[in-house]
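Just below is one structure, and these are the notes that go with it.
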Amino acid sequence: MKGVILATNPAARLVDITHEIPGQDIADAAFTLLAAYREFSPGTIHLSVVDPGVGSPRRPILICSRDYFFVGPDNGIFSYIMEREKDVRVFALTNREYFREPLSNTFHGRDIFAPVAAALSTGVSPRNLGNEIDDPVQLESLKPTSLKNGDVAGRVIHIDRFGNCVTSFTPGDLHREQIGKGLSLKLKGKAIKQFRNFYSEQDTKGDDLFAIWGSAGFLEVAACNGSAADRVKAKIGDRVVISSQQSAISSQ
Amino acid sequence: MKGVILATNPAARLVDITHEIPGQDIADAAFTLLAAYREFSPGTIHLSVVDPGVGSPRRPILICSRDYFFVGPDNGIFSYIMEREKDVRVFALTNREYFREPLSNTFHGRDIFAPVAAALSTGVSPRNLGNEIDDPVQLESLKPTSLKNGDVAGRVIHIDRFGNCVTSFTPGDLHREQIGKGLSLKLKGKAIKQFRNFYSEQDTKGDDLFAIWGSAGFLEVAACNGSAADRVKAKIGDRVVISSQQSAISSQ
Amino acid sequence: MKGVILATNPAARLVDITHEIPGQDIADAAFTLLAAYREFSPGTIHLSVVDPGVGSPRRPILICSRDYFFVGPDNGIFSYIMEREKDVRVFALTNREYFREPLSNTFHGRDIFAPVAAALSTGVSPRNLGNEIDDPVQLESLKPTSLKNGDVAGRVIHIDRFGNCVTSFTPGDLHREQIGKGLSLKLKGKAIKQFRNFYSEQDTKGDDLFAIWGSAGFLEVAACNGSAADRVKAKIGDRVVISSQQSAISSQ
C-alpha cells in the first residue's frame with residue numbers, strides 16, 4: 001500500500017497509526033480511528049483497511065468531513081466517525097480509472113484504497129472518484145440506552161494492550177458528581193464501585209477493578225497491575241451497565 | 001538502522017514493509033519481499049535483514065535489477081527476486097570504507113546493510129561497493145515439479161496473519177479452466193476441492209477449507225472464519241500437491 | 001502522538017524505534033533507547049513513553065545532552081543515558097503553554113511529551129519549557145558490583161525477540177583475554193562456559209548456552225537455535241555473576 005501511494009505521489013506523508021487491530025475486528029478499528037483522527041491536521045486522508053468482505057459486493061467508500069477524508073470499505077469502520085462528525089458526505093468509489101490494475105479480489109487496500117488515497121492527496125476531487133450515497137453501513141450506535149429499571153446500558157468498544165476495557169460511556173452520559181460517588185458499573189456480572197483519577201492512584205477500597213476516564217474520552221474499566229479484560233473475561237461488544245438510585249443520565 | 005541511514009542521507013525516504021518476519025525465517029522474508037517490491041518506484045533500495053549467519057563467512061550482497069537495488073545477507077533472502085527478475089547483477093559487499101565502524105559480528109543490518117543502502121541512496125556506484133559475483137545462495141525454486149503419476153508438487157511459501165497458507169502455485173502452473181472444477185489440492189493429507197473467488201464467498205459445499213488466488217499472485221489455502229494453517233497444522237515448506245485426471249500443468 | 005507533532009511541525013521527521021516494549025517495563029525501554037540513540041544525527045529529539053505513573057505527581061522531564069534531547073516521564077527511563085552522557089541538564093516540564101489542552105491524566109505521551117517534542121523541533125528553548133532540576137529518578141546503575149568472594153555481579157537488562165539475555169557487562173568490565181578462556185558466567189544457577197564470536201559459530205563443547213558480545217556493546221547469554229531466556233527462565237533484572245580465579249574486573 002505504501003509503495004502504491006508513493007509511486008503516485010512521492011511527496012505524500014505516510015503515518016502509521018496502528019497495524020495491530022485484531023483480525024477482522026471492524027469495531028475495534030472504528031474505535032481506534034475515532035481515538036486518533038482529530039489529532040491530525042485538516043486535510044489529512046485517513047486510510048483504514050479491516051476488510052473481511054474484500055472482493056464481495058461490499059462497496060469501497062470515501063467519506064468527506066469538514067476537515068478530513070476517510071477511505072476504506074463500507075462495513076461500518078467509519079461509522080463512529082460519522083456519528084460524531086457533522087455534514088459528512090459519503091461517496092461509493094466506482095471510478096476504476098483510479099484503481100490499480102489488475103484489480104484483485106483479495107487486497108483492495110493495495111488495489112483501491114491506497115491508489116484512491118494517493119489520488120486525493122494530489123488534488124483529485126471526490127466527485128471524480130465515484131457517486132454520492134446516503135446509506136453507508138453503520139455499526140450499533142455508541143449512545144447508551146436507558147433500561148426500564150432506570151439503569152443505563154453501554155458496551156465495551158475496545159480493549160487496549162494493557163487489558164483496560166474501554167466502554168462507550170462518555171462524560172455527557174453521566175452526572176459529573178456521580179463519578180467517584182454513587183457510580184456503580186457492571187461488567188460481566190462484576191460490580192465496579194471504585195473510581196480513579198489516574199491508573200496508579202492508591203487503591204483505598206481493597207478492590208482491584210476500577211473505573212477511569214481514558215484518553216479517548218470514554219470511561220474505562222481497569223485493574224491494578226493486571227488486565228481487567230482477563231480478570232472478567234471481557235471482550236469487545238460486552239454489555240456494561242450503570243446502576244444508580246438517581247438518574248444516571250446527564251440532564252444537559 | 002534508521003539512524004545510520006539518516007545520519008548519512010537526511011533526505012532518505014524510509015518505508016517499513018514489515019518487522020514481523022518470524023525469527024530466522026529466510027524463506028518467509030523472501031516471499032514477503034517478492035510480494036511487495038514491485039509496488040515501489042524504480043530506484044527504490046530494498047533492505048532486508050533476516051540474518052541468522054551474521055558474523056560468519058556468509059557474504060553481504062547487493063543485487064541490482066533493472067529497476068531496484070536489494071541489500072542484505074547472501075542467504076537466499078533475495079532468491080525469489082532473482083528467479084523473477086531478468087538481467088540481475090550481484091555484488092559481494094567488500095569495501096569496508098562504506099561500513100559503520102566498529103563493525104560488529106552481531107548486527108550487520110546496522111553496520112553494513114544500512115550504511116551501504118544509505119551510500120547507494122546518495123549515488124555511490126555498486127562497483128565501488130564490492131565485486132561482482134555469480135554464485136549467490138539460492139533457495140529451492142518456486143517452480144512446481146511434475147511427479148511420475150502426473151500430479152504436480154509445490155509447497156507452502158508463506159502463512160499470513162490470518163493463517164492462510166500461500167502456496168508456490170501461480171496461474172501459469174494451472175489450466176485456468178481447472179480452477180473451481182477439477183482442481184484437487186492436497187496439503188498435509190487433506191484434500192481441498194473448493195475454490196473461491198473471494199474470502200467471504202458463500203460456502204456451498206459444506207467444506208471449510210478452500211483455495212483462492214491471493215494478492216501476491218499465488219494460490220492460497222484458506223479456511224472459513226479461521227486459520228487454515230492451524231486446521232491442518234501447516235508450516236512453511238510443507239508440500240502441496242495438485243492432482244488431476246487431466247494434465248494440471250498449463251500448456252502455455 | 002504523531003498527529004500532535006505534525007500539527008505543530010509539519011516538517012518534523014518521525015522515526016519509530018520500537019512499539020514493542022513490554023507493558024510498563026521502564027528498564028527495558030531504558031536499554032532500548034541506550035542501544036539506539038547514538039546512531040541518530042545530533043539534534044535528534046528522543047521521545048520515550050513507558051509511563052505507568054501517568055497522571056500521578058511523577059514529573060514530565062526533558063534532558064539535554066551535548067547532542068540530543070530526551071523527552072518523557074521522570075521514572076528512570078533516561079537513567080542509562082544519564083549514566084553514559086556527560087554534562088547533562090535536566091528540566092521539569094512545567095510550562096503548560098506547550099501542553100495539549102485538555103490535559104488528560106491518562107495519556108501524557110499525547111498531551112505533554114509529543115507537543116513539547118514538537119516545540120523543541122521548532123526551536124523553542126528548554127528554558128522556556130520548565131525549570132532545571134538535579135534529582136531525576138535513576139534506575140539501579142549498570143555498573144557491575146564486586147562481591148566479597150571476588151566474583152562480579154551484574155544483571156539482565158534486556159531480553160530480545162530471540163530470547164537472548166543482554167547483561168549489564170561491558171568490555172571494560174572484563175579482561176579481554178578472559179573472554180573465551182577463564183570466563184564463567186552464571187545465570188539462574190546455570191554456568192555458561194562457552195564464548196562465541198558470532199551466533200552461528202560451531203558449538204564445539206556440547207553445551208547449548210553461550211556468551212557473546214551483543215550489538216549494543218553488552219555481553220549476552222544466547223542459546224543454539226533457541227531462546228536462552230526460556231531455557232533458564234530468565235527475566236529482566238535477574239542477577240548474572242562472573243566467576244574467575246583471577247580478578248574478573250579490568251584494571252583499565
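DSSP bridge analysis restricted to chain C gives an antiparallel fraction near 90%, rounded to the nearest 5.
A 1.4 Å probe over all protein chains sorts A:Met82, A:Met1 by accessible area into A:Met1, A:Met82, starting with the largest.
Residues C:Ile236, B:Ile81 ordered from highest to lowest accessible area at a 1.4 Å probe: C:Ile236, B:Ile81.
Using helices alone, what [θ] at 222 nm do you get for chain C, with -39,500 (n - 2.57) per DSSP H run of 4 or more residues, divided over all residues and rounded to the nearest 500? The helix contribution divided over chain C gives -4000 deg cm²/dmol.
Rolling a 1.4 Å probe across all protein chains gives B:Thr8 an accessible area of roughly 80 Å². Counting only protein heavy atoms and using a 1.4 Å probe, the accessible area of C:Tyr68 comes to about 20 Å². For the range A:27-35, 3J(HN,Hα) computed residue by residue from phi via the Karplus equation (6.51, -1.76, 1.60; θ = phi - 60°) reads 5, 5, 5, 4, 5, 4, 5, 4, 6 Hz, glycine and proline entered as x. Copy-to-copy label distances for A:Asn95, where each label lies 7 Å from Cα along Cα-to-Cβ, are 4.7, 4.7 nm in order of increasing length.
Pick out which of C:Phe40, C:Phe169, C:Phe91 has the largest mean-square fluctuation in a Gaussian network model of chain C, springs linking Cα atoms closer than 10 Å. Among C:Phe40, C:Phe169, C:Phe91, the largest mean-square fluctuation in the Gaussian network model of chain C belongs to C:Phe40. For the range C:70-121, the relative contact order works out to 36 percent when only alpha carbon pairs closer than 8 Å and six or more residues apart are counted.
Inter-copy label distances at B:Ile133, shortest first and taken from points set 7 Å along Cα to Cβ: 5.3, 5.3 nm.
Around the amide H of C:Ser184, modelled in the peptide plane, lie the amide H atoms of C:Ser243, all under 5 Å away and 5 or more residues distant in sequence or on another chain.
Each Lys and Arg adds +1 at its Cβ and each Asp and Glu adds -1 at its Cβ; summed about the Cα centre, the protein assembly as shown shows a dipole of about 760 debye. Shown in residue order for the range C:112-120 are the 3J(HN,Hα) couplings computed by the Karplus curve 6.51 cos²θ - 1.76 cosθ + 1.60 at θ = phi - 60°: 10, 5, 5, x, 5, 4, 5, 4, 4 Hz (x for Gly and Pro).
Expressed to the nearest 5 percent, the antiparallel share of DSSP beta bridges inside the range B:1-115 is 75 percent.
Label points for B:Lys233 are taken 7 Å from Cα along Cα→Cβ. From this copy to the others they lie 2.8, 2.8 nm apart, shortest first. For the options A:Asp208, A:Asp74, A:Asp134, a Gaussian network treatment of chain A with springs between C-alpha atoms closer than 10 Å singles out A:Asp134 as fluctuating the most. Straight-line cross-link reach from C:Lys2 at under 13 Å between alpha-carbon atoms covers these aspartates and glutamates, not counting any fewer than eight positions away in the same chain: A:Asp16, A:Glu39, C:Asp16, C:Asp111. Just so you know, the Cα atoms of the range C:52-138 work out to an Rg and Dmax of 12.2, 36 Å.
In the elastic network of chain A, a GNM with C-alpha springs shorter than 10 Å, the most mobile of A:Pro42, A:Pro102, A:Pro136 is A:Pro102. Of all beta-carbon atoms in chain B, the one sitting closest to the axis that brings chain B onto chain A gives B:Asp16, 4, with the distance in whole angstrom. Positive-end ranking of C:Ala229, C:His108, C:Ala216 along the dipole of chain C, with charges on Cβ about the Cα centre, is headed by C:Ala229.
Taking every DSSP beta bridge that has both residues in the protein assembly as shown, what percent is antiparallel when rounded to the nearest 5? The antiparallel fraction comes to roughly 90 percent.
For the range A:131-143, putting each phi into the Karplus relation 6.51 cos²θ - 1.76 cosθ + 1.60 with θ = phi - 60° gives couplings of 10, 5, 10, 10, 10, x, 5, 10, 6, 3, 4, 6, 5 Hz, in residue order, rounded to whole numbers and with x for Gly and Pro. List the residues, sorted by chain then number, that are 5 or more residues from A:Leu47 or on another chain and whose placed amide H is less than 5 Å from its amide H. Long-range HN contacts for A:Leu47: A:Val71. Net charge in the neighbourhood of C:Glu132 (other residues with Cβ under 15 Å of its Cβ; Lys, Arg +1, Asp, Glu -1) is -1. Ranking A:Lys186, C:Lys143 by solvent-accessible area of protein heavy atoms (1.4 Å probe, all protein chains present), from largest to smallest, gives C:Lys143, A:Lys186.
Accessible surface for B:Asp67 stands near 50 Å², nearest 10, in the context of the full protein assembly shown (1.4 Å probe). Residues whose amide H comes within less than 5 Å of that of B:Ile157, counting only those at least five positions distant or on another chain, are B:Val166, B:Thr167, B:Ser168, B:Gly237 (H built at 1.01 Å from N in the peptide plane). Put the Cα centre of the range C:50-101 next to the Cα centre of the range A:57-135 and the gap is 41 Å.
Exposed loop sites are taken as GluC sites (Glu not before Pro) in a DSSP loop (any state but H, G, I, E or B) with at most 15 other beta carbon atoms within 10 Å; the longest stretch of chain A without one runs A:21-139.
The values are calculated or read from the model by the stated rules, or taken from the named source; none is laboratory data. All of these numbers come straight from a predicted model, not from anything done at the bench. Positions of Cβ are generated from backbone atoms using ideal geometry, with glycine treated the same way; all protein chains shown enter the neighbour counts. Remember, those area values only see protein heavy atoms, side chains included, never the ligands or the DNA or RNA. Shrake-Rupley method; radii C 1.70, N 1.55, O 1.52, S 1.80 Å.
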